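Just so you know, all these numbers are worked out from the coordinates, no wet-lab data involved. Just so you know, these numbers come straight off a predicted model, no measurement behind them. As a convention, Cβ positions derive from the backbone with ideal geometry for all residues, glycine included, and neighbour counts pool all protein chains shown.
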Amino acid sequence: MFSHPNRNVNFVLPKTHFMTRTITLVSSAFIFLLTASFVLKGDTSSIDGKKFKITITEQKNGKSGKASQDDCSFKSSKFNCKFFGQNAGAEEIPIDLDKDSTYTEEGAEEASIYVEFSGERTNKLEETVKVTGTIDGFGIEGSVEISKKEKVKKHWDFVGTQKDKKK
């Protein structure tokens with residue numbers, strides 16, 4: 001390729017340089033957002049290891065059934081409860097945190113957590129078992145439903161308090 005002595009070849013360079021920087025910036029931002037969404041979605045560290053004593057009540061036709069007592073815990077991004085293993089076929093239900101924050105009540109020295117969680121799994125009978133709940137300070141409340149083909153078959157509500165950690 002021959003160039004003319006009076007012709008300025010550098011007029012293309014600034015445009016190409018600008019495009020390269022723009023593409024690099026956009027690509028970097030996309031990779032960061034993609035990575036951040038995976039990292040934040042699965043983080044349940046604020047409730048990992050917490051154990052609660054809960055009272056579970058089945059709801060039928062708008063009426064509360066007999067109350068049962070059990071313990072539930074959170075470990076490795078899963079809600080664990082033996083009662084739901086026996087009655088819903090799902091002892092461990094994978095969860096995500098929908099809200100995760102802390103607050104300090106007036107006069108309190110320690111911060112309390114406020115967490116909303118939800119998750120679901122399919123049991124051996126091909127039913128969907130869904131859990132939703134809220135942890136506010138040392139209390140927990142929520143519900144578990146079994147459904148098949150979008151029709152709710154069973155529904156339980158639970159409420160309880162955090163168990164003291166043994167020292």
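Among 45-58, 147-160, 72-85, how do they line up by average Cβ neighbours within 10 Å per residue, starting with the highest?
Details: 45-58: 16.4, 147-160: 14.4, 72-85: 18.4.
Result, highest mean first: 72-85, 45-58, 147-160.
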| note | Going residue by residue through the stretch 84-89, the Karplus relation 6.51 cos²θ - 1.76 cosθ + 1.60 with θ = phi - 60° gives ³J(HN,Hα) values, rounded to whole Hz and with x marking Gly or Pro, of 6, x, 6, 9, 10, x
| task | Place a label point 7 angstrom from the Cα of K63 along the Cα-to-Cβ direction, then list the residues of the stretch 135-160 whose backbone nitrogen is under 18 Å away. | result | 154-157
| field | Note, ³J(HN,Hα) from phi for the stretch 119-136, Karplus 6.51, -1.76, 1.60, rounded to Hz, x at Gly and Pro | value | x, 7, 8, 9, 8, 5, 8, 6, 9, 8, 10, 10, 10, 9, x, 9, 10, 10
| So how far apart, in nm, are the two label points at F138 and K53 if each is 7 Å from Cα heading toward Cβ? | 1.1 nm
| task | Show the residues, 5+ positions off or on another chain, whose built amide H is closer than 5 Å to the amide H of K154. | result | I146
| query | Relative to the present Cα-Cα distance, how much length would full extension add between K148 and T122 at 0.36 nm per residue of separation? | reply | 8.4 nm
| query | Which value, to two decimals, describes the C-alpha radius of gyration of the stretch 51-162 once divided by 2.2 N^0.38 Å? | reply | 1.11
